[in-house]
Structure formats: structure tokens, C-alpha cells
1. Using Cα springs under 10 Å in a Gaussian network model of the chain, which residue among GLU132, GLU91, GLU121 shows the largest mean-square fluctuation?
2. Rounded to the nearest 5, what is the percent of antiparallel bridges among the DSSP beta bridges in the chain?
3. HN-Hα J couplings of the stretch 58-72 from phi, Karplus 6.51/-1.76/1.60, θ = phi - 60°, integer Hz, Gly and Pro as x?
4. Rounded to a whole number of µm²/s, how large is the Stokes-Einstein D of the chain at 10 °C and 1.306 mPa s, given Rh as the Kirkwood radius over C-alpha pairs?
5. Which whole-Hz ³J(HN,Hα) couplings does the stretch 27-33 yield from phi under the Karplus relation 6.51 cos²θ - 1.76 cosθ + 1.60, θ = phi - 60°, glycine and proline marked x?
6. All other residues with a Cβ under 10 Å from the Cβ of ALA167 taken together, and with Lys, Arg as +1 and Asp, Glu as -1, what is their net charge?
7. Can you give the helix-only mean residue ellipticity at 222 nm for the chain, where every DSSP H stretch with n ≥ 4 adds -39500 (n - 2.57) and the sum goes over all residues, rounded to the nearest 500 deg cm²/dmol?
8. With labels modelled as points extended 7 Å from the Cα through the Cβ direction, what inter-label distance (nm, one decimal) is found for VAL90 paired with SER173?
Amino acid sequence: MDSTSLGSLFYLPFKQQTFTGNQMRSSYVVQLDDEAATLFLGEQLAAILRPGLTVFLYGDLGAGKTTLARGILKGLGHHDKVRSPTYNLVEIYKLSELYLYHFDFYRFNDPLEWEEAGFREYFNQNSICLVEWPEKAGEFLHAADLKIWISYSGTGRIAELKAETEAGEQCLSRWQKQVSE
């Protein structure tokens, strides 16, 4: 399989399509050779994210979910330290007129904790929400526009990006266009 080199990021140029409901949805697979490649992918994704989007981040502990979030924030112009929200549950970033909420629900023992925490108002048309460990919030959580799985692959990682909504499909289309230029 041919791949297009983007520094230490390799974009595997095949588009997988699946049906969600009656809609065709796209997914892409990316080989990430190191932390720099994960940060670079995050910076690329920052260029295609829009207010109102919810992105779920999946992966084992240490897989690179927070690293990807750091890359997204850097791509959006945030140059201060990015902390993992594991203990605070959410880190809030005000970037010009945009709010980005970075959630980590790893410590939840019961999905009701999400409801009781009062996070529902953060998921709105004026913000971007990045959510680590979304499965811990159960069905209380707003549906994702994009889902990103990061898994170990040798000394690197594999990221799979999948659209779940039309807004997510538009994002991945913009990303695919960006990486193929």
C-alpha cells in the first residue's frame, strides 16, 4: 500500500465507508510513528474542527489521547501548557471567541456522575468538546460528530478517524483534502 509521507506522519490513502443508519460514513487510518506525529495530526485536525462539534477520543491509558488534544489546541493557537483533565474532569480553553472543553471521564464509576456534574451545558453550538473515555458517561453524553481511536502499533500508534454525523463527514472531507494537497 502506498502512503504519502507527511514528516513522521503517514496518511494511508484509503477511505473506508460504513453505513450508520441510512447514511454512508467515512473513516481514515493514520500511522503515527511518534509523539511528534500525534501532535502534528492534532494540528491538522484543528484546521477542520468547527464550533458545535463533539469529538470522542478512545484508547488505552498512555495511547496518546491527551497528546492529540495538545496538538489540536496548539493548532488552534493555544501555546500554554495543556494539562490532562483526569483529576479535574474538564479543562476549559478560551481561544478568541471559541471555547474548547477537554473532558476526561476515566475516573467515573457510574454514568450518573456525568449528569450530576452539570456538563450538559458545555455541549453547545459555540464550543468544541473533546471527550476522553466517553463510554464512562454512558448514554447521558451528547452524540459524537467524530470518533478517534488511538491504539498501539509496535513503537508507534495507529489512529482511526470516523465520522458519525454529517458535520463529522464534512470535517473528514476537509481533512482528506488538506492532507492530499
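Computed from the coordinates by the stated procedures, all read-outs in this text should not be read as laboratory data. These figures come from a predicted structure and were not determined experimentally. Cβ coordinates were reconstructed from backbone atoms using ideal geometry, including for glycine residues, and neighbour counts include every protein chain displayed.
1. GLU121
2. Just about 70 percent of them are antiparallel.
3. In residue order, the calculated couplings are 10, x, 5, 4, x, 6, x, 4, 5, 4, 4, 4, 4, x, 4 Hz.
4. 96
5. In residue order, the calculated couplings are 9, 10, 10, 10, 8, 10, 6 Hz.
6. In short, -3.
7. -7500 deg cm²/dmol
8. Each label point lies 7 Å from its Cα, and together they span 3.1 nm.
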